[in-house]
Ligand SMILES: O=P(O)(O)O[C@@H]1C[C@H](O)[C@@H](CO)O1
């Protein structure tokens, strides 16, 4: 078991000096985010999963809030509770079960995170997106990242699906990144480019699939932005995001995509629009986002989300 700060809950252990910022102690060397999970630790976790499941997955899925059913459709599933995986964080958010499910879907070897890690839970971004590196060392080539998000684009309705074709990295604007700190070139380059992060072929295939499913009028292609949360946005923040060209806002995904692109994975991501973000001042309670509504909408739309993901994986399988 690793004894580093990376391995337990975000508050650190009793007696763990690194958890206490003592300005008088010159022996404490701050650990950069990128050093929290060294390559060897990620390799150990990946080996544990590959050996334990007997599967080398090709596709990794991250289930958004209330979208855990994306992992329930996996066949011949081997389930790993996060707390039983060495050096893995725990899920603390309702709607994020905290299980890794490995098996097959449409004939492809897949692994799915039923529960992701968010910045607002107290985890540094590198810890939130550490499982993406685990996926990479397990053999994953394609990341499917899903999330629940608020629709800022006035054309979006609750229950619509926005295929992400770009993002605005607000936490990055503020100087935070999962890649902050020394770079390990075994994962990827020091300065990764992020144009074309969202695989165009997969977006086009998903649009075709939505036509076959008869849901093309509920599909959009747009820009997502992640804020730190856990507060939902103010009206002024929503107006600012809209001016920046953001179509949907959430609290995840961007740092996972950065980590995936850094290690050269192909990325497909979508937002389920669980609430409309009104940019008008109003006293109506209905206009306030809440997690219960987010979960309820996700539950209602899980069938369509599962079908979209399954059909897209079937397409990838056909091409390989
Ligand atoms: O994990 P995702 O991004 O799907 O979850 C969203 C953002 C917050 O965690 C939560 C707010 O309702 O849903």
Report task. Sort through 277, 226, 263, 306 and tell me the only one that's closer than 26 Å to residue 104 by Cβ and buried (at least 18 other Cβ atoms within 10 Å of the Cβ). Result -> 263
Query raised in the report: Do we have any residue at all in region 103-110 that's loosely packed, with under 15 Cβ neighbours inside 10 Å, on the phi > 0 side of the Ramachandran plot and not in a strand (DSSP E or B)?
Result: yes
Query raised in the report: Do the conditions hold for residue 132, that is, is it more than 15 Å from the ligand (Cβ to nearest atom), buried (at least 24 other Cβ atoms within 10 Å of the Cβ), within 14 Å of residue 62 (Cβ to Cβ) and modelled with pLDDT of 95 or more?
Result: no
Query raised in the report: Out of 71, 97, 46, 126, which single residue is part of a helix (DSSP H, G or I) and within 24 Å of residue 273 (Cα to Cα)?
Result: 71
Query raised in the report: For residue 147, are the conditions met, namely being within 14 Å of the ligand (Cβ to nearest atom), within 19 Å of residue 223 (Cβ to Cβ) and not in a helix (DSSP H, G or I)?
Result: yes
Report task. For region 103-122, name all the residues that are more than 14 Å from the ligand (Cβ to nearest atom) and touching a residue at least 60 places away in the same chain (Cβ under 8 Å). Result -> 105, 106, 107, 108, 110, 111
Report task. Identify all residues within region 150-176 that are away from the ligand (no atom under 14 Å from the Cβ), more than 13 Å from residue 275 (Cβ to Cβ) and touching a helix residue (DSSP H, G or I) at 6+ places or on another chain (Cβ under 7 Å); write none if there are none. Result -> 163, 165, 169, 176
Requested in this report: Please state which of the following conditions residue 90 fails to meet, knowing it meets all the rest: (1) away from the ligand (no atom under 16 Å from the Cβ); (2) touching a helix residue (DSSP H, G or I) at 6+ places or on another chain (Cβ under 6 Å); (3) in a loop (DSSP other than H, G, I, E, B).
Outcome: (1)
Query - Output for region 57-67, where each listed residue is touching a helix residue (DSSP H, G or I) at 6+ places or on another chain (Cβ under 6 Å) and part of a loop (DSSP other than H, G, I, E, B) - result: 57, 63, 65, 66, 67
**Report entry** Near pairs, Cβ below 7 angstrom, 6+ apart or cross-chain, from region 227-248 (under 20 Å from residue 177 (Cα atoms) and modelled with pLDDT of 95 or more) to any residue that is within 16 Å of the ligand (Cβ to nearest atom) and assigned to a helix (DSSP H, G or I)
**Finding:** 227/170; 228/119; 228/120; 228/171; 229/119; 229/120; 230/120
Report summary line: Over region 48-65, the set of residues closer than 20 Å to residue 312 by Cα and either at pLDDT below 95 or more than 14 Å from the ligand (Cβ to nearest atom) (or both) is 56, 57, 58, 59, 60
Query raised in the report: Among the residues of region 265-285, is there at least one that is more than 15 Å from the ligand (Cβ to nearest atom), at positive phi and at pLDDT 95 or above?
Result: no
Requested in this report: Hey, could you check region 73-87 for residues that are out of contact with any helix residue (DSSP H, G or I) (no Cβ under 9 Å at 6 or more places or on another chain) and over 17 Å from residue 121 (Cα atoms) and say which is farthest from the ligand (Cβ to nearest atom)?
Outcome: 76
Report task. Could you figure out which of (1) modelled with pLDDT of 95 or more; (2) in contact with a helix residue (DSSP H, G or I) (Cβ under 9 Å, 6 or more places away or on another chain); (3) more than 25 Å from residue 138 (Cβ to Cβ); (4) more than 11 Å from the ligand (Cβ to nearest atom) isn't true of residue 315? Result -> (3)
**Report entry** Lone qualifier among 125, 100, 70 - being under 19 Å from residue 145 (Cα atoms), within 16 Å of the ligand (Cβ to nearest atom) and without any contact (Cβ under 8 Å) to a residue 60 or more places away in the chain
**Finding:** 100
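The values are calculated or read from the model by the stated rules, or taken from the named source; none is laboratory data. Here the structure is a predicted model, which means the values were calculated and not measured. When we count neighbours, we look across all protein chains shown, and the Cβ atoms used for this are built from the backbone with ideal geometry, even at glycine.
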